[in-house]
Structure formats: C-alpha cells, structure tokens
Amino acid sequence: MTSRTDLVEELMSRFPQVPREAVIKEDLLRGGLAFDDAALTDNENGTVKPKSYFIFSFDHRTLPELGTAALRRPPEEIVLTGGPYELRRTVVSVRINPSSPYRVGTDGDGRLRLFLDGRPIADVGLPPMPAYYRHTLANGKSVMEVAPTIQWGYLIYLTAFRVCQYFGAKEECQYCDINHNWRQHKQAGRPYTGVKPVDEVLEALEIIDRHDTDRASQAYTLTGGSITSQVDGLAEADFYGRYAQAIEERFPGRWIGKVVAQALPRADVQRFHDYGIRIYHPNYEVWDKRLFELYCPGKERYVGREEWHRRILDSAEVFGAGNVIPNFVAGIEMAAPHGFASVSEAIDSTATGLEYFMSRGITPRFTTWCPEPTTPLGRANPEGAPLEYHVRLLEVYRATMDANGLSSPPGYGPAGPGRAVFSVSSFMDTLPATPS
Ligand code: SF4
C-alpha cells in the first residue's frame, strides 16, 4: 500500500514548480494532524497561543471526540522549518485529526517535531502567547474570545455574528459547520458570544492596539453568518458595517478593514465602503453551477448563482477590482457523491471560474476544505479531496494570475515561500515573494 509519505514525495517530484512547503501544508490542511498531549497548550494560562475556534471548528472530530485536545487546546497555528525536505518557514493553521499520519510530538532530544508516518519531517515552532491575550475586558471576557488573531498575529478575526441565518439542511452550505460549532462550544460551557457587542469589540481592539507594540496586526476581518432578515434590527450591510464605522472612528487607519459577507446589491456594497471597509470578500464558494446549487442551497434560493456573480462584478466598481477578493472552498469540487470524479475535471472547472474573475481584475482566493464531521459533505468525505487536486490548483491559480498580469492580493501580508503568513491555504506560499 502506498504510504502518505510516498504520495507526498511523488507529488513533490511531479510538480517541482510548486514549493515543497505548499505540498505539506495542503496535506495538513485537508487531512489534519494529531498532537501528543505534551504538545498541547495550557489554554489561556500558558506561554503558547491556543486555538481560538474563530469561526468554524476546522477539526476532523467533534469537541467531545478530541480527548485531551478538548481540555487543553492545541495551538492556533504551527510554523514548520527544516527537516528532510528543507522546508522554509511555513505557517499552518491547526486542524485536529487524531487519526492523521501527521503528528506533532517531541523527538528523543526533546525537540518539537512534525512526524509523518512516524518519521520526523520538520521542526515545529509554536506561536507565543501574545501580550494582549493576557488581558481581559472589564466584563471578564477574554480578548481571544472577542477579537482573536490568526495568521501569526497579522489578522484580527472578528466573527461578529457566530451563527448563520441559513439554517438547517435545506439552507446551510453543505460544507459549513458554523452553526454546529456554535452549539458545541455552548454545550462544552465555553464562552462563545453569539452577537458581539460593538463596545466589546472596541475594548478588545484597544487592548490589542496597546500591547501589539511591534504592530504585527495589520488587518481586521468582519464576518459571521449570513443575515437574511435582521440582527439587532439591522440587515447585513448595516449590521457588519456598524463595527467598521466604530473601529474607523476610534482607530482611523490603524488596520486594513475587510468584510466577508454575502454578495449584496450595489447600494449595500457602497455602504460597506462608506463605513470604512477597504476589502470585500463576497465568497462564491464553488464555481460549477450544479455544485453551487447543491452545496449552497440557501444562497441559491435567496440570491441565485448568476445574480451572485453579477453582484461580485458590480462590487468592483465600488471597491476597485483589486480589492474584491471572493473566496472559494478548495476541494469541495471533488466531494462525493455529486462532485467531479477526476482531478482534471475538477481543476478545469475551478480554472474556468478563476479566469472568469481574474480576466476582470478580480483575484479570488481559496481556503483549503476541511471536511468537518458534522457537515453533509464532511460526513460523506472524511478524507477530503485528493492531495493532487490541491497541488494542481496551486499551479493553475498562479498560472491564471500570471496570464492576467495580477499579483498577490492586498490584505494577506507577505507572499512567497518562507514568508507567507496566510495559514488556511498555501496560495500565498506559492506566489512570487513580495517584501514583508
Ligand atoms: S452562508 Fe453558508 S458558508 Fe456562510 S456561514 Fe452561512 S452556512 Fe456557512
């Protein structure tokens, strides 16, 4: 039987133009990794920054199935270097899978290493606990709960609304566990605020601003579930926009403001911009028409794919094409039973979508699909998509960008192997290096 090591090395040699770091990173993101107990954190009381569960679970098991990792959180991210593949510095978001062939543990010399099939393949660095996580809001809430940072501290992730109004099997996106994640944290008795009050967000940002003295944090993302009616008496543009308005009034220009929201009509998009947001992520999720209809039934019913795409193009007139960065969930194209059966078909479809947007100056980006077990697609596809799909996607992504004269999108920090900090896919690790 082919081992995972054989698969990884075969793809590294077939696709030498894709950085080796990206092959390992994609494999960790799609399939998760296990942690020895000794490599877990002491939650908010230790020296290592714990996983914040900033929006989705991004785990391959539910919390009650994670064992010690449910009591002592894993780190938010790890950084890989060295080893037999001579990896340059690679930041990877942590997705727990107790049965993964990848495991973080200590070697005979007490050094923290990443093991694949039992062989050490990289040194592992852990994110230090940021000074701002050691402070609490006046009401006792932690900064990690209200304003966690990811991407090695670059991005403040503000999930203002922790559930989605697309609810239940007929509306929820088939790969998304936002609603389940909210339920499981509540059931575990963890603090998990459904709607974050604006003044709490400002207070948490104040703490970050005060203690982030080397200014690692450069951007904030406002996001959460879709709003099809109202929250706090506000529709989606005003609900998310009011946070940006308050942040920009209090800390003008301190961070780049981004919003991940639905593809809204142009007047709403204009309101986002007027509130001070500079980058808009109206995610298109999956390119193929049939798969979009099947996987995003709520979005299809309320908006529809063609209108969704039209709105993405319209938003370029408000934000400028370079500041419209719609996400897709890389890998769901191949999810059984409805997805493409071959990697080539899936890549061709994804490439059509990339060309559609990139030829108009809009640069999509992607997160690597984590098949969470409580989602319909995750349940049916616990292994996720083939690693070859993810590697070939990196290749076609860069080629389509080059063909359209585009460079790495704004708001993601430095690009290039050894420099990127974007942790939930390796597209930034694969693009040409930019100055940090
Ligand atoms: S719109 Fe879909 S992907 Fe977004 S939060 Fe709701 S269910 Fe999840």
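Laboratory data are not the source of any read-out in this text; all were calculated from the coordinates shown. Note that this is a predicted model, so its numbers are computed, not measured. We place every Cβ from the backbone using ideal geometry, glycine too, and count neighbours over all the protein chains shown.
Descriptive notes on the structure:
- Stretched out straight at 0.36 nm per residue, the stretch from residue 402 to residue 242 would grow longer than its current Cα-Cα span by 53.9 nm.
- HN-Hα J in Hz across the stretch 112-121 - Karplus 6.51, -1.76, 1.60, θ = phi - 60°, x for Gly and Pro: 7, 9, 9, 9, 10, 6, x, 9, x, 10
- Proximal lysines relative to residue 196, as straight alpha-carbon distance under 29 Å, when same-chain residues fewer than 8 apart are discounted: 49, 51, 141, 170, 186, 258, 299
- Taking θ as phi - 60° and the Karplus parameters 6.51, -1.76 and 1.60, the scalar couplings of the stretch 416-424 work out to x, x, x, 10, 4, 10, 4, 10, 9 Hz in sequence order, x denoting glycine and proline.
- Coarse-grained scattering of the chain at q = 0.06, 0.11 Å⁻¹, given as base-10 log I(q)/I(0) from a Debye sum over alpha-carbon atoms: -0.22, -0.81
- Between the residues 273, 393, 168, the greatest Cα displacement towards the positive end of the dipole of the chain, with unit charges on the Cβ of Lys, Arg, Asp and Glu, is found for 273.
- Hypothetical label at residue 134: residues of the stretch 30-60 whose amide nitrogen lies under 20 Å (7 Å Cα-Cβ projection): 41-52
- Relative to the compact-globule estimate of 2.2 N^0.38 Å, the Cα radius of gyration of the stretch 4-125 comes out at 1.03.
- Chain lengthening between residue 109 and residue 209 when straightened (0.36 nm per residue, less Cα-Cα): 32.1 nm
- For the stretch 210-249, the residues whose backbone nitrogen is under 16 Å from a point 7 Å from the Cα of residue 199, taken along Cα to Cβ, are 243, 246-247.
- Contact order for the chain, expressed relative to its length and based on alpha carbon pairs under 8 Å spaced 6+ residues apart, stands at 17 percent.
- A simple rule links phi to the HN-Hα coupling: the Karplus curve 6.51 cos²θ - 1.76 cosθ + 1.60 with θ = phi - 60°, which for the stretch 197-211 gives x, 4, 5, 5, 4, 4, 5, 5, 5, 4, 5, 4, 4, 5, 9 Hz, with x for Gly and Pro.
- For the pair residue 43 and residue 249 in one chain, pulling the backbone fully straight at 0.36 nm per residue adds 70.9 nm over the alpha carbon distance.
- Cα-centred dipole magnitude for the chain, charges only on beta-carbon of K, R (+1) and D, E (-1), debye, nearest 20: 360
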